[in-house]
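Peer 1: There's a structure below that I have some questions on.
The values are calculated or read from the model by the stated rules, or taken from the named source; none is laboratory data. Bear in mind the structure is a predicted one, so any value in this text is a computation, not a measurement. So basically every Cβ, Gly included, is an ideal-geometry build from the backbone, and we count neighbours across all protein chains shown. Protein only, heavy atoms only, side chains kept; ligands, DNA and RNA dropped before computing areas. Shrake-Rupley method; radii C 1.70, N 1.55, O 1.52, S 1.80 Å.
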Amino acid sequence: MKKSAITRIQGVYRVQDVSGIVDEILHLKEKKNAIILAHNYQKSEVQECADVVGDSLELARAAATMDGDVIVFCGVDFMAETAAVLSPDKTVLLPAPDACCPMAEMITADQLKLVRSRHPGAAVVCYVNTTAEVKAESDICCTSSNAVAVVNSLDADTVIFVPDRNLGAYAARFTKKTVLPWEGFCLVHDRYTPAQVADARRLHPDAVVLVHPECRPAVIDCADHVASTSGILKLVRTLPEKEFIIGTEVGILHRLKKESPQKTCYPLSPAAVCVNMKKTDLVKVRDALVSMQPRITVPDEIANRARKAIERMLAL
Ligand code: 13P
Ligand code: SF4
């Protein structure tokens, strides 16, 4: 079947036949014994050629457990780093080497060490959206789908939560522990406002509002449900309602349409685009498999400590 993608060439959007390049990728994938992992925010055509499309937790689990010699990570740098930490024997490729997560850059290992030294006895929970160096300084990692369970699993009464202040505040709602959040945020989710939710509800009065926990507390207060990207996909699949307002990055709409064609999903904002998640395209995936570059590696000393924090989360 002919496969197509919408691409922007010299400022003009056009529909492009991508069947040829998809066939090349499938052939290379087999030849190199590679698996392709793609985040739910990736471009539709990239999601379509992946072995696993998922949220951060599902992709970390896939990286840790799936067979193959090579992981092609269609996402952002911290995700590929996590895969490299969990699968040190595999070659991990990040087709778009400049695909970073600005939130993950908002705290350094030295800053975390300093905060930790001010709260002896506190546990450190790091969101998976952090560098391997920051994970190496943390007690346990978490993702948007398990932050509450991770915080509640700890013995300490005080938890330093980095770097997402919004996810930290969300977890704090469901625990008796004192949560000390770092002042980081996601450039995409932190921009939603309660006024946008109110406008969307006026336009679609029967729709259920689903938002990601990276949203501000005031937006979370206006939502019907709060969930990770794969949690949102599940809610749309399983709830009886027919219309949904989706408060997360627009890349998720591809899977929503594919998996729940009988439901109608409206983006809370069509401008909710993570530019870094969109840096990966089929040409870069193909080129990465040809050249086996750009490769992501993490020095052993850091990887060994970061692995403890990630594996502790995966064991929960
Ligand atoms: P999840 O897919 O784990 O919900 O994470 C969203 C995100 O922003 C990843 O960078
Ligand atoms: Fe980072 Fe936000 Fe983009 Fe996720 S959506 S990669 S948290 S900037």
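Peer 1: Among the candidates L239, L187, which residue alone is surrounded by fewer than 19 Cβ atoms within 10 Å (Cβ to Cβ) and within 16 Å of ligand 2 (Cβ to nearest atom)?
Peer 2: Numbers: L239 fails: within 16 Å of ligand 2 (Cβ to nearest atom).
Criteria check complete, one pass: L187.
Peer 1: Do we find that L210 is modelled with pLDDT of 95 or more, in contact with a strand residue (DSSP E or B) (Cβ under 6 Å, 6 or more places away or on another chain) and within 12 Å of ligand 1 (Cβ to nearest atom) in this structure? Write out each step before concluding.
Peer 2: Working: modelled with pLDDT of 95 or more: yes; in contact with a strand residue (DSSP E or B) (Cβ under 6 Å, 6 or more places away or on another chain): yes; within 12 Å of ligand 1 (Cβ to nearest atom): yes.
Judged against the criteria, L210 is a match.
Peer 1: Let me ask another. In segment 242-264, what residues are open to solvent by 10 Å² or more (accessible area, probe 1.4 Å) and away from ligand 1 (no atom under 16 Å from the Cβ)?
Peer 2: K242, E243, K257, K258, P261, Q262, K263, T264 - these are the residues of segment 242-264 that are open to solvent by 10 Å² or more (accessible area, probe 1.4 Å) and away from ligand 1 (no atom under 16 Å from the Cβ).
Peer 1: Could you please find all residues in segment 42-64 being open to solvent by 20 Å² or more (accessible area, probe 1.4 Å) and modelled with pLDDT of 95 or more?
Peer 2: Of everything in segment 42-64, those that are open to solvent by 20 Å² or more (accessible area, probe 1.4 Å) and modelled with pLDDT of 95 or more turn out to be K43, S44, E45, E48, A50, D51, V52, V53.
Peer 1: For segment 87-114, give me the residue count where each residue is under 16 Å from E133 (Cβ atoms), more than 16 Å from ligand 1 (Cβ to nearest atom) and not basic (K, R).
Peer 2: Step one: filter segment 87-114 for residues under 16 Å from E133 (Cβ atoms), giving 100-101, 103-114.
Okay, now just the ones that are also more than 16 Å from ligand 1 (Cβ to nearest atom), so 108-114.
Within this subset, residues satisfying the condition of being not basic (K, R) are 108-112, 114.
Counting residues in segment 87-114 that are under 16 Å from E133 (Cβ atoms), more than 16 Å from ligand 1 (Cβ to nearest atom) and not basic (K, R) gives 6.
Peer 1: Further, regarding this structure: Could you figure out which of (1) away from ligand 2 (no atom under 16 Å from the Cβ); (2) at pLDDT 95 or above; (3) part of a strand (DSSP E or B) isn't true of I6?
Peer 2: Here I6 clears every test but (2).
Peer 1: Is there any pair with a first residue in segment 249-278 that is assigned to a helix (DSSP H, G or I) and a second that is within 14 Å of ligand 2 (Cβ to nearest atom) and open to solvent by 30 Å² or more (accessible area, probe 1.4 Å) whose Cβ atoms are under 8 Å apart and which are 6 or more apart or on different chains, and what are they?
Peer 2: L253/P267
Peer 1: Yes or no: segment 172-180 includes at least one residue that is open to solvent by 10 Å² or more (accessible area, probe 1.4 Å), within 16 Å of ligand 2 (Cβ to nearest atom) and touching a residue at least 24 places away in the same chain (Cβ under 8 Å).
Peer 2: As a first pass, look at segment 172-180 and keep what is open to solvent by 10 Å² or more (accessible area, probe 1.4 Å): 172-180.
After this cut, where a residue has to be within 16 Å of ligand 2 (Cβ to nearest atom) as well, the list is none.
Checked against the condition, which is being open to solvent by 10 Å² or more (accessible area, probe 1.4 Å), within 16 Å of ligand 2 (Cβ to nearest atom) and touching a residue at least 24 places away in the same chain (Cβ under 8 Å), segment 172-180 yields no hits at all.
Peer 1: Starting from segment 299-316, take each residue that is within 23 Å of T91 (Cβ to Cβ) and open to solvent by less than 90 Å² (accessible area, probe 1.4 Å) and list its partners that are aliphatic (A, V, I, L, M) and assigned to a helix (DSSP H, G or I), counting only C-beta distances under 6 angstrom and pairs at least six apart or across chains.
Peer 2: From residues that are within 23 Å of T91 (Cβ to Cβ) and open to solvent by less than 90 Å² (accessible area, probe 1.4 Å), the pairs are I302/A132; I302/A136; A303/V85; R305/A136; A306/V85; A306/A132; A306/A136; R307/V85.
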